[in-house]
Each structure stands twice: as C-alpha cells, then as structure tokens.
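The values are calculated or read from the model by the stated rules, or taken from the named source; none is laboratory data. Worth saying up front: this structure is predicted, and the values here are computed from it rather than measured. We place every Cβ from the backbone using ideal geometry, glycine too, and count neighbours over all the protein chains shown. Accessible surface is based on the protein model in full, side chains and every heavy atom, while ligands, DNA and RNA are left aside. Shrake-Rupley method; radii C 1.70, N 1.55, O 1.52, S 1.80 Å.
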Amino acid sequence: MSKTSEAELPKDDKKPALREGKRVRLAGLKACPELNGKLGKLIQFDEDKGRWQVKLKDSTKLLKADNLVPCDDAGDSDDDRQGAREQRTRNEAPQVAKPRRPLPTKDLSPDEAIEWIQSAADEFELLLMPLQLEEDVGKIRKKFRSLSLLVHPDKNKHPDAENAFKKLFGAMEKLTNPVEQRVALRKARQKALGQDVGGIGDGTDLPPWWEAASVDEMEKAFREMEEKFQKMGLFDHDKRGWEQSTGVSEDELWISCEQAKECCILCAMNE
C-alpha cells in the first residue's frame, strides 16, 4: 500500500480537502448502509485502490472519497452533528426483526448475482445458503464456485464485479472455518431477530487480508484450500456420489484459472 500527500490528490474547489489524520463522516454507502453517519479518521490513501483507509471505532475500512464528508478541524460541522444525532436516534430506536430474503428459485444472471452479493445481510445469504450450520465444506465450495463464475471480473465487466468477488471469497473463507462459521451463524440469527450486530466482516481492528488482495491472490488461496481439504479426504464422498449419479468425474468439469484465462483470450481474439 502506498501513501500520497494531500497535494497529490485531485482537488475539488467545492469540497474540503481530505488529508491523513482528518476526521470524516461516512455517507452514501449502499453496500453497507449501517455505516452511514459513523465517524472515522483518515489513515492513508491507497493509490492502487483509489480509496482512503478509514479507522472507525471497531474496524478499518477502505472507502472512496465520495463517501467521506470532512468534519471541521475545530469540531463537527452542523451537518456532522445532525448526522451524529440521526445515527444515535437510529441506534436507540427499538430494533425490528427483518424477514430474510427467500433464496432464489431460479438461476441468477451475472448482474443479479452481483446485486444479491452486494446487498446480502450475512455470509449465509450471500452464498445462497439456508441459515443453519453446514458442516459439509464441499457444499460451501460448490456454492462459491457457481457464484464465482457469474461475478469473476475477468468475465463480468460490471463495475462492482471485483468487490462482489472479494465479498464472495470472504464469505466462503469464513464459512469453511468451523469456528468462524458458528460465530457468523450466531450473528446472522441475532441480526434476523432485529439485533444490531454490524455488517459482514465487522468487529475486527484490521480489515481482512482479501480486501487488499488481487483476484489472482484469492484464486491461489482457494486452490491451496481445496488441496488441503482434498488431502484430508473431505471431498471423496461428495465426488463419488456425483460420479455415480452422472457417470462423469467432477474433476473433469473444472479447469485451472490459467486455462480459463487462456480460453477467454482465445475467445476475444475470435470475436
């Protein structure tokens, strides 16, 4: 991650300049609306991502400048104080349970998959899974694979494709860990009852490693995870069942990421 000074950032005469150490209020976030109104402090600007690293009370986020409203150096502005009051009102208001979205009964289109992932309330909903403990990592792996084919940035040119792929990877990584899955399940059930437990991935001082990772790095991590589970024999029963029912080995249905990219290049050349 690289730093840049205030002078190197694009300036807008109508907006106060952002700089390291400045206090800001979050606004206009659609993927994580529960963060709107919260106050944070700018840590540094990530040139590669084009986002500011913002330290909140209980977490750190990478956010676009458009979602950051500077606070007055001498104190919060009227807008900031009003935003804080509104946030306190929301926090103090009795929480109302919200029914979970029913899982889709038909295949999602690539754009629908991105919209579903971006608006998911928890990791289970994101992966199109019921809100219950799932000890079969093979099922979680299949959900990840099917959705990743729809939102992978190499194939889907939607502007939010990379962010959706990262959220998808993060959900898969968490639910394949038995301990983290149980914590996520408890939080998701509390949220379904109307309790404020934060959004996906909240609750840690540092952002998860995959937020700053490239798609290739996440794909490599997924392959290494699969190899580890394969050696543990966790997929053997699932694969035998598939082969018996279809007569086709599951391994024959998948190609490596490198082979997939070569296919994409060849298809583009032939168009």
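Considering only region 101-109, I want to know if a residue exists there that is at pLDDT 55 or above, assigned to a loop (DSSP other than H, G, I, E, B) and surrounded by 15 or more Cβ atoms within 10 Å (Cβ to Cβ). Yes, region 101-109 has at least one match. Scanning region 75-91 for residues that are on the phi < 0 side of the Ramachandran plot, at pLDDT below 55 and more than 27 Å from the chain's Cα centre (by Cα) yields ASP76, SER77, ASP78, ASP79, ASP80. Go through region 29-51 and report how many residues are under 17 Å from the mean Cα position of the chain (by Cα) and either modelled with pLDDT of 90 or more or open to solvent by 70 Å² or more (accessible area, probe 1.4 Å) (or both). Number satisfying all stated conditions: 3. For LYS174, state whether it is under 30 Å from ASP46 (Cα atoms) and modelled with pLDDT of 60 or more. When the stated conditions are applied, LYS174 passes them. Looking at ALA192, ALA260, just one residue is of a type in the set (Gly, Ala, Ser), modelled with pLDDT of 60 or more, farther than 23 Å from ASP46 by Cα and out of contact with any strand residue (DSSP E or B) (no Cβ under 7 Å at 6 or more places or on another chain), and that residue is ALA192.
Scanning region 59-74 turns up one or more residues that are modelled with pLDDT under 55 and either over 20 Å from the mean Cα position of the chain (by Cα) or not in a loop (DSSP other than H, G, I, E, B) (or both).
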